[in-house]
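What follows is a single structure, written as structure tokens, with notes after it.
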Amino acid sequence: MARSCTNIRDVATLSALMTQHASTCPIPKKDSVSMQQLENDSFDLVMKQLRYDLQALKVAAGKRANWESTVYHTKLQHKVKRHELSVEAGQFFLQNYCKVITSETSDGMLAEFNLHRQNVINRLRLDSSACANFVFINWLAPSTLKSAVQSAQTQFASHSIISSEHNFGAVLMPIFTYKKGQLWMLETATLRSLAMAGLNVDHSWHLCFGKKSDARDGRPCTYPGRLLLHPTAKDHVWSTCSLVKTGRTADADMLHARDMIQVEDVRMDALPTSVDDDHSTVQGAQKYQQFGLSAGTKILDAVIDGLNIASSGALFIVDINPGVGNLFDAYVAKRPSVNFNLQYVCIVPDAISAEWFSESKVQMLAAGHMDGNITIPGHTVGAAECPSDLLEQELELPKLNIMVSRKDLYPEVPGTVMRQWATHGVFGEEFNKFLNQLHEEYGPLLEQKDSPTETKTGAGTTEVPQGKKRKPSTPPSTAKRTKVDRAKVIPTSAKSA
């Protein structure tokens, strides 16, 4: 072989041998991929992804439960704090604009009232000569009182009115007694006791109601009353008020028996007055004693309308025998519309009534303050809803491989995956078993509320919109048949003739 040869195929002998060997030696081929193995790997991957998605949804559900619990407690704390602020406002109102006196003697009533009156005048720097007392006595049912307590109330009313010619009062006369035929005797005894105490009871007035709350109700639509005036007074601050001039109030709404309440012992260790439903309703004397918020408002309207009191003075409303505090409720509603200082004083005979009055009225004031119906100076109403900056942000939905991402975290398998594997000849049974486990644990699949293709028709039911219905064909004729008299029918042969 020549040394100058650069290609081995230039040598004829070697080129022939290489060609012969290349044509006879088999070429090695790679193994073909098994389709069954490919399906196995694909199904295993789908099941792993579905189980991963299911575990991610369970973790997200736990985190959401913790988030919802945190948000709920945050909102609850906001409501509790808001209620506590309103309760503080109610307590502030009672301490500054109301006084509850507990006494069964006239001397004790007078001592506490005069001390409170002087403290208010000094604290607000009022003109004592421009202040007046309005004494209101509710004796609609005197049987609820002890005779000694009623006598003490009479003496207190007499001293508080006679002390100044600017003072005046009103009493609601008895309309109820347990003994039939003796109401006139009770009225006479009441008038005699007031007149003997030195009060002028010549002028009468009436608390009027538009109609009865129930046709079976025995309460009258007009409650009689008497004005309690200074024996020698003529023209003073009360002489121009509507109650003195007209002798009546505007028509009020009669309080329904189901809306009545009663004084209870509010101590923690106190037992209920009765466990019988028949005794839970207010009956008898207590029913006749209550007149309601509407009537109390009409009474104060008639008293204050036309009342001549300077802005430097004040009107002290003294509620003797307040019962459940109907006049106090009216006082709270009337106070913001008056251009002079208005104070409320109530006198109760025992500590149980005083404690119930304070507790119940604080709750009433707190509820009205929270609703925005009652305005208390220096106390604003908290926000009804919890501020969003105090709440934790809602968690994002987990990122899933195959399952549909739903807001309710329901493990929904896409329809394409279900159609591919649910009817598979080899893996269909295992896939359906997985679906059945989801159904047993999470229940049936529910459509999401924001689905645009379905419309809510009721609780838990959906209605899929359908296509237009075909217009029904014209119904067959339903004309009535007319009965024909055979005697009047003309034969065919006769017609041809």
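The values are calculated or read from the model by the stated rules, or taken from the named source; none is laboratory data. The structure displayed is predicted, hence computed values, not measured ones. Note that each Cβ is placed from the backbone with ideal geometry, even for glycine, and that neighbours are counted across all protein chains shown.
Looking only at residues of region 115-138 that are assigned to a helix (DSSP H, G or I) and either of a type in the set (S, T, Y) or at positive phi (or both), we find that the one that is surrounded by the most Cβ atoms within 10 Å (Cβ to Cβ) is S128. Within region 203-254, being free of Cβ contacts under 8 Å to residues at least 12 places away in the same chain and not small (G, A, S) holds for R216, K234, D235.
In the set (1) closer than 14 Å to V135 by Cβ; (2) in contact with a strand residue (DSSP E or B) (Cβ under 9 Å, 6 or more places away or on another chain); (3) of a type in the set (S, T, N, Q); (4) outside any loop (DSSP other than H, G, I, E, B), the condition left unmet by Q155 is number (2). Residues in region 164-213 that are surrounded by 20 or more Cβ atoms within 10 Å (Cβ to Cβ) and either of a type in the set (D, E) or over 20 Å from I320 (Cα atoms) (or both): F209 only. Name every residue in region 368-405 that is closer than 30 Å to V59 by Cβ, assigned to a loop (DSSP other than H, G, I, E, B) and touching a Pro at 6+ places or on another chain (Cβ under 8 Å), in order of residue number. Selection gives I402, M403, S405. A count restricted to region 347-367 and to residues that are assigned to a helix (DSSP H, G or I), over 21 Å from A333 (Cβ atoms) and touching a Pro at 6+ places or on another chain (Cβ under 9 Å) stands at 1. For S311, state whether it is in a helix (DSSP H, G or I) and out of contact with any Leu (no Cβ under 7 Å at 6 or more places or on another chain). No: the conditions fail for S311. Applying the condition of being modelled with pLDDT under 90, small (G, A, S) and within 49 Å of the chain's Cα centre (by Cα) to region 406-461 and asking which residue is nearest to Q55 (Cα to Cα) yields G443. Those residues that are modelled with pLDDT of 95 or more and touching an Asp or Glu at 6+ places or on another chain (Cβ under 6 Å), I need them from region 175-224; list them, please. Within region 175-224, C208 is the sole residue that qualifies. Counting only residues that are more than 17 Å from N138 (Cα to Cα), more than 38 Å from the chain's Cα centre (by Cα) and crowded, with 16+ Cβ neighbours inside 10 Å, region 223-253 holds 7 of them.
The set of residues in region 71-114 that are aromatic (F, W, Y) and either in a loop (DSSP other than H, G, I, E, B) or touching a residue at least 24 places away in the same chain (Cβ under 8 Å) (or both) comprises F92, F93, Y97, F113. Restricting L307, L315, L365, L327 to residues that are touching a residue at least 60 places away in the same chain (Cβ under 8 Å) and either in contact with a Cys (Cβ under 6 Å, 6 or more places away or on another chain) or more than 30 Å from N114 (Cα to Cα) (or both) narrows the list to L307.
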